[in-house]
Amino acid sequence: DSGVTQTPKHLITATGQRVTLRCSPRSGDLSVYWYQQSLDQGLQFLIQYYNGEERAKGNILERFSAQQFPDLHSELNLSSLELGDSALYFCASSVVDGTLHFGNGTRLTVT
Amino acid sequence: AQTVTQSQPEMSVQEAETVTLSCTYDTSESNYYLFWYKQPPSRQMILVIRQEAYKQQNATENRFSVNFQKAAKSFSLKISDSQLGDTAMYFCALLERNDYKLSFGAGTTVTVRA
C-alpha cells in the first residue's frame, strides 16, 4: 500500500459529461502529480501541485483542470468528455527526495 | 527537455534466469534522479529502485540492481533469479531536480516463463 488514495476506482460516464477524480496524498507529502495512461500506453504527465500551488504543467487539455486544497488533497476535473479520454488516471505524491508514490488509479470509461 | 528511451518493447525470460532492461535518457542537468517502476497486470505503479545521479555506486534492491553509466546516460535494470511475480511492464523514469516532472519511457513488457 503506497499510502496514496484515489477515488473512485472505476468511473463510467457518457460523452459530453463532467467528472471529478479525487486524490489524497501520503501523510506529509506536499506534492501531488496527475498522470494519464491510455490503453497500452506509457504515462503522460498532466500537472503537478506543491502545497496548494501549481508547479508544473504537462500536456493537459483545456477541458481538464485540477487543484490542490488546503488539506493537500487534490481533484482532477475532466469536462466535455470524449471517447479518447478513456484511460487510467494516476495520482502520485512525493516529498523532497523526488520519489513518487502512486495511488491505484481511477479507471475512466467514456461511452 | 528531458527524454527517456526504452528500446526493448518486450522481453521474455525463464524463471530463475537473469534479464537486463535497457534505458537511456537525455538531460542537460547534473542534479537528477532515475527510477524504475513496475506495473503488473493489476496496473498498480510500484517503485522498484531509484538512483541519485550524484552517487557513483549502483543501487541494489534485493534481486534488482542497476548499471548507472552517467557519461553514457544509460540506466539499465537487471532482474536476477526471475520469478513469475516479476511479470509486468517496467518503466524507466527521470526526474530533474529543477523541473519536478517525472518523465517516463514507453515501457518494456517482461514475461517470466515457468
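A few points about this structure:
- In straight-distance terms, cross-link reach from residue B:73 covers every one of the aspartates and glutamates whose alpha-carbon lies under 14 Å from its own, apart from those fewer than eight places away in the same chain; here that gives B:26, B:29, B:52, B:96.
- A crude spin-label estimate for the pair residue A:95 and residue B:52, with each label 7 Å from Cα along the Cβ direction, gives 1.3 nm.
- Cut-off 17 Å, label 7 Å out along Cα→Cβ of residue A:55, residues of segment B:1-34 by amide N: B:31-34
- Placing R0 at 22 angstrom, the Cβ-Cβ distance between residue A:109 and residue B:43 gives a FRET efficiency of 0.95 after rounding to 0.05.
- Sites residue A:63 and residue A:7 - FRET efficiency at Förster radius 35 Å, r taken between beta-carbons, to 0.05: 0.95
- Full-stretch length increase - residue B:69, residue B:98 - with 0.36 nm per residue and alpha-carbon distance subtracted: 8.3 nm
- Alpha-carbon radius of gyration plus Dmax, which is the widest Cα pair, for chain B in Å: 13.5, 44
- Cα→Cβ-extended label distance, 7 Å offset, between residue B:113 and residue B:31, nm: 4.7 nm
- Rounded to the nearest 20 debye, dipole of segment B:1-75 from Cβ charges on Lys, Arg, Asp, Glu: 160 debye
- Separation of alpha-carbon centers, segment B:2-28 and segment A:42-111, rounded to whole Å: 26 Å
- Per residue accessible area in Å² of the protein assembly as shown, where ligands, DNA and RNA are left out and the probe is 1.4 Å: 48 Å²
- Candidate lysines - alpha carbon under 25 Å from residue B:70, same-chain residues fewer than 8 apart omitted: B:38, B:55, B:78, B:101
The values are calculated or read from the model by the stated rules, or taken from the named source; none is laboratory data. The shown structure was predicted, so the numbers you read here are calculated from the model rather than taken from an experiment. Positions of Cβ are generated from backbone atoms using ideal geometry, with glycine treated the same way; all protein chains shown enter the neighbour counts. Remember, those area values only see protein heavy atoms, side chains included, never the ligands or the DNA or RNA. Shrake-Rupley method; radii C 1.70, N 1.55, O 1.52, S 1.80 Å.
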